1. Would you check which residues across the range 192-213 are in a helix (DSSP H, G or I) and either over 27 Å from the mean Cα position of the chain (by Cα) or not hydroxyl-bearing (Ser, Thr, Tyr) (or both) and list them?
2. Kindly provide the set of residues from the range 136-188 that are buried (at least 22 other Cβ atoms within 10 Å of the Cβ) and over 30 Å from residue 295 (Cβ atoms), ordered by number.
3. Inspect all residues belonging to the range 206-214 and state whether any of them is of a type in the set (A, V, I, L, M), surrounded by fewer than 22 Cβ atoms within 10 Å (Cβ to Cβ), touching a strand residue (DSSP E or B) at 6+ places or on another chain (Cβ under 9 Å) and touching a residue at least 40 places away in the same chain (Cβ under 8 Å).
4. For residue 191, only one of the following conditions fails: (1) on the phi < 0 side of the Ramachandran plot; (2) crowded, with 16+ Cβ neighbours inside 10 Å; (3) out of contact with any Asp or Glu (no Cβ under 6 Å at 6 or more places or on another chain). What is its number?
5. Listed residues 216, 185; which is more than 31 Å from the chain's Cα centre (by Cα) and in a strand (DSSP E or B)?
6. State all residues of the range 140-167 that are more than 15 Å from the chain's Cα centre (by Cα) and farther than 20 Å from residue 198 by Cβ; if no residue qualifies, say none.
7. Which residues, taken from the range 284-294, are buried (at least 18 other Cβ atoms within 10 Å of the Cβ) and under 14 Å from the mean Cα position of the chain (by Cα)?
8. Need pairs with beta-carbon distance below 7 Å; first residue surrounded by 15 or more Cβ atoms within 10 Å (Cβ to Cβ) and within the range 121-134, second polar (S, T, N, Q) and in a helix (DSSP H, G or I); sequence gap 6+ or separate chains.
Amino acid sequence: MTTRKTANSFTKPDVVVAVARMLLTREVGQRIPTLAELQARAGAGTGTVVKALRAMEDDGAVRLEPRGRHGTVVVGRDVGRLWNAADLGNFRLVMPPPGPIEQQGTLEVVQDTLRRLGVALVVDFLRGAESRLTEVHQERAHATLTSAGALEHHRETLPGLLGADLGPNTFYSPGSLVVVEHRDRPPRDPLVVGIDRSSYDHERLSRQAFAGRLVRFADCSFVRAPAAVLAGDIDTAIWHAMPTVIPPELAGLTLRPLDPGGGQEGSESICRAVLVTRANDACTNALLRAVRPAAITRRQNELLQAADDEPGHLWPR
């Protein structure tokens, strides 16, 4: 393997970091700051700043073109090399609890994209959109995944967040939201409905689906809904269908489709996935623009089709 010379080999690391972070904020076609502005930003002399720029050009992190009175313009860049030169470390992504195929497809595409860019990825799993959004808001994570509806709901209390829309049905695919019930055991009166109050989507869908009925809501993690119904802790719950070791039907459960579009307000926004970052985090946003929503949709469709073809197959967790 050939060892590649990095920008840090050429000049002071702190200057390289400052210049690389600036370059991450400039799209192709945009002008970079003047040398005087870069000197002030990096706290270094002209020669040191020029060396840092040349080092990153030699490293393949950026291509610059002087255009006379229009200044120096970015004509090409490698956001992965710039991220590493900027000393930004591992990219931390917080995902919902593992299992649903749609989220597996999103994660695979993000992993593949960052791997190709040479950026190390750390993935954590956390229940509840508000908890995940707080991780990003408090700068403990670079990005998270939620539904568009959950992001919109929490914007007032967690301002400054930005959502990159991945498209319709990328958080919940058609038919993936179901109502879980026991096949043989009669329901109680009032009906005991499992509800996950930590999840904006689950609480909203549950209250809308059972509106007008005499029910008693019982706290239940949405990922445990089938097990809680089998154990008799609850009579029913909404579940995001996912591959399981034993198909729910064989375990004695029935699944009936929940139509989130059947008159339920805001259903479209709940079904759309968004990758959420801080709006003022230019470096993270530059990196995530390399993640293509079309690639996510394509991978989700491949996994969903494979699940239909091989119902017993379990996806990597």
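1. Applying the first criterion (in a helix (DSSP H, G or I)) to the range 192-213 yields 200-209.
Residues satisfying the conditions are 201, 202, 203, 204, 205, 207, 208, 209.
2. 180
3. Yes, some residue in the range 206-214 is of a type in the set (A, V, I, L, M), surrounded by fewer than 22 Cβ atoms within 10 Å (Cβ to Cβ), touching a strand residue (DSSP E or B) at 6+ places or on another chain (Cβ under 9 Å) and touching a residue at least 40 places away in the same chain (Cβ under 8 Å).
4. For residue 191, the failing item is (3).
5. Working: 185 fails: in a strand (DSSP E or B).
Selected residue: 216, the only one of 216, 185 that is more than 31 Å from the chain's Cα centre (by Cα) and in a strand (DSSP E or B).
6. Across the range 140-167, the qualifying residues are 159, 160.
7. Across the range 284-294, the qualifying residues are 284, 285, 287, 288, 291.
8. 121/111
The values are calculated or read from the model by the stated rules, or taken from the named source; none is laboratory data. Values in this document were obtained by computation on a predicted structure and should not be read as measured data. Quick reminder, even Gly has a Cβ in these numbers, built from the backbone with ideal geometry, and neighbours come from all protein chains shown.
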